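Taking it in order: structure first as structure tokens, then the write-up.
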Amino acid sequence: MTVLEQPGAYRPTPPPGWQPRVEAAPLLPDAEPYRLLGTAAAADISPDLLIRLHRELVRGRRYNAQATALTRQGRLAVYPSSTGQEACQVAAGLVLEDRDWLFPSYRDTLAAVARGLDPVDALTLLRGDWHSGYDPHEHRVAPLCTPLATQLPHAVGLAHAARLKGDDVVALALVGDGGTSEGDFHEALNFAAVWRAPVVFLVQNNGFAISVPLAKQTAAPSLAHKAVGYGMPGRLVDGNDVAAVHQVLAEAVRRARGGGGPTLVEAVTYRIEAHTNADDATRYRPDSEVEAWQAHDPIALLEDAMRDRRLLDDEGVRAARESAERLAADLRTRMHQDAVLDPMELFEHVYADRTSQLREQAAQLRAELDAEADDSGKGE
Amino acid sequence: MTTAIGADTARKPATMAQALGRALRDAMAADPSVHVLGEDVGTLGGVFRITDGLAKEFGEDRCTDTPLAEAGILGTAVGMAMYGLRPVVEMQFDAFAYPSFEQLISHVSRMRNRTRGAMPMPITVRVPYGGGIGGVEHHSDSSEIYYMATPGLHVVAPATVADAYGLLRAAIASDDPVIFLEPKRLYWSKADWSADAPEQVPPIGRAVVRRPATGGRRSATLISYGPSVPVCLEAAEAARAEGWDLEVVDLRSLVPFDDDTVCASVRRTGRAVVVHEATGFGGPGGEIAARVTERCFHHLEAPVLRVAGFDIPYPPPMLERHHLPGVDRVLDAVARLQWESEWTEGSAV
Ligand SMILES: Cc1ncc(C[n+]2csc(CCOP(=O)(O)OP(=O)(O)O)c2C)c(N)n1
């Protein structure tokens, strides 16, 4: 069957017969971000899932606090905290099957840790150790990506490749509100929709791209609305409602796995901390705004809902906090050990085989290192 | 490992374009993980028809017409490579590859390195490059220096039909990303199998002496690659009348760079001219001249000269013949070597 014979294939036709290719209405997001906690539907969520989400949220917040402290101690070069956004992180980390892939950005260490990555390995990029401290294939987590939105086409390509191979693998790609302005965001969504690739895009709209508010980033009604232009559904969700984010993502993952194509999810949340430890957030936003969002805290929202259903008591909260303290203590101890890096490894992974030029340069560095070792030996 | 075209003469492609198409076909037949993607590569067979017939033979899943988006093409190829495929990307023209540079430089070139070897990127990016076909603006750039300046990429440019086949097979088989520069003005050049014999192409990274100097007193090496190689061969013939014995080295690969073959030649001849279409300032010739000078200084009887395109944006087609280094400009440079050599007569090492 040629392209021209495919049913529903888009072809410009003269205006009198013109019809939209697909109905736009089913693709449109809800007017309000979808909420689950505190609604009647919350009664149907599995208790096990809520308990897991709660534990990871509490651990996540502690992880963020510990990592931020490590920047003050000079152990991390930089840390973009996801405090306030833990619901998005945890839902993204827990929603996938083992065989699925996660494509995180620099702010998404927590999602990677929730997926099972060693907390120290997840931080090597940010401490100035090797760029990616883990083998991406092990937990199917792509390397944390710094250039904005560039990981999105990777997610599409991987999901597409998996489907070509007959594997029912889904890719979940994370991006910030600022990242949605990048060309790669557009190209990735377009490819995904045209190829009906099994991908889910999660935009964590935390209000700011460093200092620039959403209003200066886009004129769209919402970021979820952008989906319609590509021919995929857009979903708008309360990004601080972990159950809602998990449910919306789970539906999108199911749809992708079943051959229904990609979904764009916008989670409306807020970055409580500054962009990174190097940023001064007081320059671009009032404390009152932060406080208003703190009143809509993802952990408090979940705990209230769980207490209502008698799935959580003080003892449960204490147990989650203890687990979080153990995580933080382990992170502290291991991050306070100096990383041991072999400078000779600099030449090892540039190409499959070293070029003669790199062999020469490796020999030069080897000689410099030997001379250094000799010098320090003499000094003793 | 060497790449054979095969003994069957009937299978020999007649032009470079056909050789490239044959290489893609044979690679796809040999390895189901090889996928071709790009703009118009399917039904149309590419604007230069290099991918003609691939979609028919292997299906649209293996030879895919993508949306019109170079960053998207290369970015999705990264994801495909992550999942074990070998994408071969076609960029429609040299200057239209620029939107993909972010993906190329930030991810394709360094994914292996940043993951400490866990994620190689066996991607081949085919770029029809260079001028001489009367293309309008944005259809004739020589962008090799941008690629050369990016660690992690191999940069290859064939000059003969046999090399086009062999090097493309090698590029697709490589576990590293290869920028495969196709000299588009040689697309229709015919195979001269006697000149190309033996029909064996060594792995990426080996230069070849296309025309040896025979040991005449006034000798020099012309160092070149891609579309400038035939220019150098013609210049070498013409220079014989002036008493010059010119050796022509075809680099074939800019990265990795074959210092050994180049320097062995320059040590034999004592003089060198680098010839390419790309602009001279900050161009590949500067790097090559510096390498030759560093390694062969005591063998040189004249400074290493460069014959390059002017330092201008690629000119309109009606003027491109004034920009592209041709035989006369190469011969002028060779004549300047002579002056240097007479001046240093008798003082050679
Ligand atoms: C291509 C690119 N341009 C600029 C930057 C510098 N930069 C880092 S984070 C950032 C803001 C990103 O905002 P957003 O996408 O909303 O994500 P958030 O940091 O809020 O999670 C910028 C401009 C970058 N990393 N990549």
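The values are calculated or read from the model by the stated rules, or taken from the named source; none is laboratory data. What you see is a predicted model; the values in this text were computed from it and never measured. Using ideal geometry, Cβ is built from the backbone for each residue, glycine included, and neighbour counts are taken over all protein chains shown. Surface areas here come from the heavy atoms of the whole protein model, side chains and all, with no ligands, DNA or RNA. Shrake-Rupley method; radii C 1.70, N 1.55, O 1.52, S 1.80 Å.
Can you report the number of residues in the stretch A:72-90 which are part of a helix (DSSP H, G or I) and open to solvent by 20 Å² or more (accessible area, probe 1.4 Å)?
1
Can you tell me which of A:302, A:312, A:331 is in contact (Cβ under 8 Å) with a residue 24 or more places away in the chain and not in a helix (DSSP H, G or I)?
Details: A:302 fails: not in a helix (DSSP H, G or I); A:331 fails: not in a helix (DSSP H, G or I).
Only one candidate passes the filter, namely A:312.
For the stretch A:286-305, indicate whether the set of residues that are open to solvent by less than 30 Å² (accessible area, probe 1.4 Å), closer than 30 Å to residue B:65 by Cα, more than 14 Å from chain B (Cβ to nearest Cβ) and away from the ligand (no atom under 16 Å from the Cβ) is non-empty.
Looking for residues that are open to solvent by less than 30 Å² (accessible area, probe 1.4 Å), closer than 30 Å to residue B:65 by Cα, more than 14 Å from chain B (Cβ to nearest Cβ) and away from the ligand (no atom under 16 Å from the Cβ), one finds none in the stretch A:286-305, hence no.
Please go through the stretch B:110-132 and give me each residue that is within 16 Å of the ligand (Cβ to nearest atom) and either closer than 19 Å to residue B:145 by Cβ or crowded, with 24+ Cβ neighbours inside 10 Å (or both), ordered by number.
B:110
Kindly indicate which of B:249, B:231, B:255 is under 23 Å from residue B:182 (Cβ atoms) and open to solvent by 20 Å² or more (accessible area, probe 1.4 Å). Show your work before the answer.
Numbers: B:249 fails: open to solvent by 20 Å² or more (accessible area, probe 1.4 Å); B:231 fails: open to solvent by 20 Å² or more (accessible area, probe 1.4 Å).
The conditions single out B:255.
Which condition does residue B:138 not pass, out of (1) away from chain A (no Cβ under 14 Å); (2) surrounded by 24 or more Cβ atoms within 10 Å (Cβ to Cβ), if it passes all the others?
Of (1) away from chain A (no Cβ under 14 Å); (2) surrounded by 24 or more Cβ atoms within 10 Å (Cβ to Cβ), only one is false for residue B:138: (2).
Mind telling me which of the residues A:289, A:315 ends up being among the acidic types (Asp, Glu), assigned by TED's automatic domain parsing to the domain that holds residue A:67 and closer than 26 Å to residue A:119 by Cβ?
Matching residue, one of A:289, A:315: A:315.
Residues in the stretch A:352-363: is at least one surrounded by fewer than 16 Cβ atoms within 10 Å (Cβ to Cβ), more than 14 Å from chain B (Cβ to nearest Cβ) and part of a loop (DSSP other than H, G, I, E, B)?
For the stretch A:352-363, residues surrounded by fewer than 16 Cβ atoms within 10 Å (Cβ to Cβ), more than 14 Å from chain B (Cβ to nearest Cβ) and part of a loop (DSSP other than H, G, I, E, B): absent.
Being of a type in the set (Val, Ile, Thr) and out of contact with any Leu (no Cβ under 7 Å at 6 or more places or on another chain) narrows it down to one of B:255, B:274, B:248, so name that one.
Result: B:274 is the single residue among B:255, B:274, B:248 that is of a type in the set (Val, Ile, Thr) and out of contact with any Leu (no Cβ under 7 Å at 6 or more places or on another chain).
Conditions first: (1) at pLDDT 95 or above; (2) within 8 Å of another protein chain (Cβ to nearest Cβ). Residue A:229 passes all but one, so which condition is the exception?
Of (1) at pLDDT 95 or above; (2) within 8 Å of another protein chain (Cβ to nearest Cβ), only one is false for residue A:229: (2).
Against the condition within 14 Å of chain A (Cβ to nearest Cβ) and open to solvent by less than 20 Å² (accessible area, probe 1.4 Å), how does residue B:151 come out, does it pass?
Spelling it out, it is not the case that residue B:151 is within 14 Å of chain A (Cβ to nearest Cβ) and open to solvent by less than 20 Å² (accessible area, probe 1.4 Å).
Being of a type outside the set (Phe, Trp, Tyr) and farther than 22 Å from residue B:157 by Cα: is that true of residue B:14 here? Show your work before the answer.
Numbers: of a type outside the set (Phe, Trp, Tyr): yes; farther than 22 Å from residue B:157 by Cα: no.
Criteria not met by residue B:14.
Check whether at least one residue in the stretch B:67-87 is assigned to a loop (DSSP other than H, G, I, E, B), more than 17 Å from residue B:47 (Cβ to Cβ) and among the β-branched types (Val, Ile, Thr), and report yes or no.
No, the conditions are met nowhere in the stretch B:67-87.
Which residue pairs have Cβ atoms closer than 6 Å, lie 6 or more positions apart in sequence or on different chains, and pair a first residue in the stretch A:176-202 that is within 23 Å of residue A:216 (Cβ to Cβ) and of a type outside the set (Lys, Arg) with a second residue that is more than 14 Å from the ligand (Cβ to nearest atom) and at pLDDT 95 or above?
Here the result reads A:187/B:69; A:187/B:72; A:188/A:156; A:189/A:230; A:201/A:264; A:202/A:265, each pair linking the stretch A:176-202 to a residue that is more than 14 Å from the ligand (Cβ to nearest atom) and at pLDDT 95 or above.
Taking into account only those residues within the stretch A:258-280 that are modelled with pLDDT under 95 and over 20 Å from the mean Cα position of the chain (by Cα), which is least open to solvent (accessible area, probe 1.4 Å)?
Among those residues, the one meeting the criterion is A:279.
What about residue B:96, is it open to solvent by 20 Å² or more (accessible area, probe 1.4 Å) and part of a helix (DSSP H, G or I)?
yes
Output the helices (runs of 4 or more DSSP H) that fall wholly within the stretch A:96-190 and possess 2 or more residues being open to solvent by less than 10 Å² (accessible area, probe 1.4 Å), at pLDDT 95 or above and facing chain B (nearest Cβ under 9 Å), or say none.
Details: elements: A:109-114, A:124-127, A:136-139, A:151-164.
Qualifying helices (runs of 4 or more DSSP H): A:151-164.
Has the stretch A:306-326 got any residue that is crowded, with 20+ Cβ neighbours inside 10 Å, more than 16 Å from the ligand (Cβ to nearest atom) and over 19 Å from residue A:93 (Cα atoms)?
Yes.
Just the residues that are among the β-branched types (Val, Ile, Thr) and within 15 Å of residue A:193 (Cα to Cα), please, taken from the stretch A:148-166.
Selection gives A:156 alone.
Being of a type in the set (A, V, I, L, M) and within 15 Å of the ligand (Cβ to nearest atom) narrows it down to one residue among A:281, A:256, A:250, A:219; which is it?
From the options A:281, A:256, A:250, A:219, the qualifying one is A:281.
Within the stretch B:51-83, how many residues turn out to be of a type outside the set (S, T, N, Q) and within 7 Å of chain A (Cβ to nearest Cβ)?
12
From (1) in contact with an Asp or Glu (Cβ under 9 Å, 6 or more places away or on another chain); (2) of a type in the set (Lys, Arg); (3) within 16 Å of the ligand (Cβ to nearest atom), pick out the condition that doesn't hold for residue A:235.
(3)
This table checks each residue for (1) in contact with a helix residue (DSSP H, G or I) (Cβ under 7 Å, 6 or more places away or on another chain); (2) in the same structural domain as residue B:181 (by the TED database); (3) open to solvent by 50 Å² or more (accessible area, probe 1.4 Å).
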position	(1), (2), (3)
B:272	yes, no, no
B:288	no, no, no
B:291	yes, no, no
B:294	no, no, yes
B:299	yes, no, yes
B:306	yes, no, yes
B:321	no, no, yes
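Any idea which of (1) surrounded by fewer than 22 Cβ atoms within 10 Å (Cβ to Cβ); (2) within 16 Å of the ligand (Cβ to nearest atom); (3) over 16 Å from the mean Cα position of the chain (by Cα) is the one residue A:209 doesn't satisfy?
(3)
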